[in-house]
1. Expected output is a single nm value to one decimal: the length gained when fully extending between Gln120 and Tyr191, i.e. 0.36 nm times separation in residues minus the C-alpha distance. What is it?
2. Using +1 at the Cβ of each Lys and Arg and -1 at the Cβ of each Asp and Glu in the chain, identify which of Gly49, Gly20, Leu209 lies farthest towards the dipole's positive end.
3. Treat the count of other C-beta atoms within 10 Å as a stand-in for reagent exposure and order Arg210, Arg136 from fewest to most.
4. Place +1 on the Cβ of every Lys and Arg and -1 on the Cβ of every Asp and Glu in segment 10-217, take the dipole about the Cα centre, and give the residue among Leu125, Ile193, Ser174 whose Cα lies farthest towards its positive end.
5. Can you give me the angle between helix 173-184 and the longest principal axis of the chain, using Cα atoms only, in degrees from 0 to 90, rounded to the nearest 10?
6. Can you classify segment 116-223 as rounded, prolate or oblate using the Cα gyration tensor, where a ≥ b ≥ c are the square roots of its eigenvalues, rounded means a/c under 1.5, and otherwise it's prolate if a/b beats b/c and oblate if not?
7. Counting Lys and Arg as +1 and Asp and Glu as -1, each charge on the Cβ, what is the dipole of segment 10-217 about the Cα centre in debye, to the nearest 20?
8. Post the alpha-carbon centroid distance, segment 171-223 to segment 42-63, in whole angstrom.
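Bear in mind that the values in this text are calculations on the coordinates, not laboratory data. Note that the coordinates shown come from a computational prediction; the quantities given were computed from them, not determined experimentally. Using ideal geometry, Cβ is built from the backbone for each residue, glycine included, and neighbour counts are taken over all protein chains shown.
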Amino acid sequence: MAYQFDFASTFDYTDMLVKGVLTTVELIAIGGVIGVAVGIFGAWARTQGPRWLRPLVSAYVELIRNTPFLIQLFFIFFGLPSIGVQITEIQAACLAMIINLGAYSTEIIRAGVVAVARGQIEAGLSLAMTRIQIFRHIILRPALQKIWPALSSQIVIVMLGSAVCSQIAVEELSFAANFIQGRNFRAFEAYLITTVIYLALAILLRQILRLIDITFISGRRSA
């Protein structure tokens with residue numbers, strides 16, 4: 001018998017889909033901003049920071065980049081309470097996304113920092129600027145200009161990876177899809193709609209990141 005599509009039964013749960021979208025946006029807004037900030041600090045630590053800090057940051061980067069995001073999420077949500085650190089589902093999800101994006105963006109930004117011409121750094125030193133001042137005023141923006149496309153892609157990947165946060169009952173978009181198909185048994189419709197929403201979110205996020213690049217990073221204006 002031919003399959004009878006029924007999208008109406010899925011849209012009966014529009015409120016839950018909207019809540020899932022808003023939670024996903026909240027996760028990437030917090031995780032993206034703070035995660036990139038962590039990455040900037042990590043890139044500074046690995047290239048300009050004190051020697052004792054460099055191996056610590058390197059160990060953090062290697063640990064996160066070589067373990068699954070789901071395990072990191074479970075460790076934070078289930079592991080921390082076992083040692084007395086109480087944390088909610090949304091806090092655990094945000095923290096996991098920050099830590100994950102921070103590690104990946106550290107390496108991406110570090111690549112841009114290394115590519116900055118040595119002469120610019122020496123010019124800053126000749127003006128008696130501190131290493132932090134040199135990093136902030138001379139190195140950071142040219143570095144971000146070089147690696148912004150790669151960093152933008154990583155932010156989008158982390159946003160899409162937020163789907164696994166449903167495993168700890170964070171009511172984001174994939175949680176909503178699972179809930180809806182469990183109620184109306186219309187898995188095809190529920191997951192198709194969710195896929196389209198994720199696609200729209202990814203495209204919107206890329207456009208926002210492109211606007212940030214044009215406005216604040218590269219200073220280019222679209223033709």
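1. My answer for the length gained is 20.4 nm.
2. Positive-end residue among those listed: Gly49.
3. Working: Arg210 17, Arg136 14.
Fewest-to-most Cβ neighbours within 10 Å comes out as Arg136, Arg210.
4. Leu125
5. Orientation of helix 173-184: about 10 degrees from the principal axis.
6. Note, shape of segment 116-223 comes out prolate.
7. It comes to approximately 900 debye.
8. Segment 171-223 and segment 42-63 have Cα centres spaced 33 Å from each other.
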